[in-house]
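Laboratory data are not the source of any read-out in this text; all were calculated from the coordinates shown. Treat the numbers as computed from the prediction; the structure is a model and nothing was measured.
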Amino acid sequence: MSPESALEEVQAVVKFVASGLGSSAVDQILDAENKRMAENLSSKVTRLKSIALDIDQEAVDQNRYLDGMDSDFLSTTGLLTGSVKRFSTMVRSGRDNKKLLCYTSVGLVLLFFILYFLVTRIQT
């Protein structure tokens with residue numbers, strides 16, 4: 001029920017009651033209706049306040065989570081950057097390191113296949 005329709009309904013009731021009652025009875029009816037609407041509004045405001053506090057707490061939690069992810073990504077980026085620099089240095093060096101690089105690459109490929117096999121085995 002919208003506030004406008006509730007107000008119109010109250011005004012119609014007041015006109016009907018006012019035709020047969022005194023002004024003190026009309027005042028009592030209006031006062032009771034006013035209290036009922038104030039309680040209704042108070043409960044809605046309380047509910048909205050609770051929702052707003054929940055949203056605020058959720059935003060704080062999400063920001064904390066994202067800050068943690070940011071620091072994790074920064075540390076991973078630093079680790080990968082150092083690894084790429086070492087790998088580039090090894091590739092640019094002499095022939096002996098190229099043989100080591102080949103063995104390392106083959107070993108890593110085999111390691112990934114073994115891990116893939118184990119992970120798919122565990123999931124099924």
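Applied to the range 35-44, the Karplus parametrisation 6.51 cos²θ - 1.76 cosθ + 1.60 on θ = phi - 60° returns per-residue 3J(HN,Hα) values of 5, 4, 5, 5, 5, 4, 5, 4, 5, 5 Hz, with x for Gly and Pro. Computed extension gain for residue 116 through residue 81, at 0.36 nm per residue and net of the alpha carbon distance, reaches 10.1 nm. Here the Karplus relation 6.51 cos²θ - 1.76 cosθ + 1.60, evaluated at θ = phi - 60°, turns the backbone of the range 67-78 into coupling constants of 5, x, 5, 4, 5, 5, 5, 5, 5, 5, 4, x Hz, with x for every Gly and Pro. Rounded to the nearest whole Hz, the Karplus-based 3J(HN,Hα) values (6.51 cos²θ - 1.76 cosθ + 1.60, θ = phi - 60°) of the range 110-118 follow the sequence 4, 4, 5, 5, 5, 4, 4, 4, 5, with x at glycine and proline. Is the range 44-124 rounded, prolate or oblate when judged by the Cα gyration tensor, a ≥ b ≥ c being the square roots of its eigenvalues, rounded requiring a/c under 1.5 and prolate requiring a/b larger than b/c? It is oblate, given that a/c is not under 1.5 and a/b is not larger than b/c.
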